[in-house]
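Here the structure is laid out as structure tokens; the discussion comes afterwards.
Rule-based calculations on the coordinates, nothing more; no lab input. Everything numeric in this text was worked out from a predicted model, so none of it was measured. Neighbour counts are summed over all protein chains in view; Cβ atoms, including those assigned to glycine, are modelled from backbone coordinates with ideal geometry.
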Amino acid sequence: MRQGGTRPTALLIALVLSVLLAACGSADTTARQQVPRLLVIESDGARDGFIRSDGFVRVVGSGPGVGDLDDARPGLSLRMFYSFPLFEIPPDAVISSITLRVYQVATVGQPYADLGDLLVDHVDPGNALGPDDYEENTLTQNVGTLARQFTPRIASLSVDACVLRDLDEGRTRSWFRLRFSRDTNLDDRDDVLIVNDGENSLRAGNVPVLEVIYVRP
Ligand SMILES: [Ca+2]
Ligand SMILES: [Ca+2]
């Protein structure tokens with residue numbers, strides 16, 4: 001009787017184990033296929049930089065920033081540009097998010113109080129910055145607000161639509177322009193947000209990046 005009672009139980013346990021193992025195998029395969037991947041693209045130091053409102057372009061080091069230089073010349077202002085090559089994004093990537101991250105290093109004067117929010121434009125200067133890019137070659141004006149106040153840390157903004165548009169339209173890099181709501185407040189005092197650039201010219205670390213999260217099909 002004992003043997004006769006044990007045999008169905010043993011069979012049931014074996015069946016349950018086989019079902020559980022099969023389920024585990026299936027879940028494991030799915031997880032492997034859909035595990036999110038992170039790609040970090042640094043801004044191209046040879047191409048990123050700032051442009052002043054008088055047309056002066058600087059792409060190598062020397063105080064990258066956004067704001068006004070009213071002390072030097074009333075009404076003179078500068079905007080910062082970043083450039084991210086896209087060739088590392090796999091053609092079959094299913095992208096779930098793309099985030100722009102910029103390190104706010106320091107301020108001169110009070111840029112946020114005097115000039116407003118730090119805004120981001122999606123732009124297309126081509127292969128290199130020129131004086132016209134200060135306000136032209138805009139794809140999307142005011143993609144969003146990167147920061148509303150200075151904090152000595154990284155500020156982030158979702159830029160999925162911008163990068164997907166660049167990929168769809170065949171551009172090999174995504175460019176972004178940082179500017180304040182107002183370029184200048186004409187107060188005879190400099191108001192500048194200092195931000196790091198792709199070549200880490202401030203030696204502050206945390207170079208500007210695009211963080212791309214995607215899965216492979
Ligand atoms: Ca640069
Ligand atoms: Ca000022």
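The numbered conditions (1) of a type in the set (V, I, T); (2) touching a helix residue (DSSP H, G or I) at 6+ places or on another chain (Cβ under 8 Å); (3) more than 21 Å from T151 (Cβ to Cβ) are all true for V59 except (2).
Looking only at residues of segment 57-97 that are within 14 Å of ligand 1 (Cβ to nearest atom) and surrounded by fewer than 20 Cβ atoms within 10 Å (Cβ to Cβ), we find that the one that is farthest from E199 (Cα to Cα) is V57.
For segment 151-185, give me each residue that is within 16 Å of ligand 2 (Cβ to nearest atom), of a type outside the set (V, I, T) and more than 14 Å from H122 (Cα to Cα).
If the condition is that a residue be within 16 Å of ligand 2 (Cβ to nearest atom), of a type outside the set (V, I, T) and more than 14 Å from H122 (Cα to Cα), then F180, S181, R182, D183, N185 are the ones that fit.
The residue pairs whose first member lies in segment 132-151 and is within 23 Å of R52 (Cβ to Cβ), whose second member is of a type in the set (S, T, N, Q), and whose beta carbons are closer than 8 Å, counting only pairs six or more residues apart or on different chains, are Y134/S53; L146/S156; A147/Q104; F150/Q104; F150/T107. If the condition is being more than 18 Å from I95 (Cα to Cα) and either in a strand (DSSP E or B) or in contact with a helix residue (DSSP H, G or I) (Cβ under 8 Å, 6 or more places away or on another chain) (or both), then segment 190-217 contributes D190, D191, V192, L193, I194, V195.
Going through segment 41-56 one residue at a time, which ones are basic (K, R) and within 16 Å of ligand 2 (Cβ to nearest atom)? Result: R52, single match.
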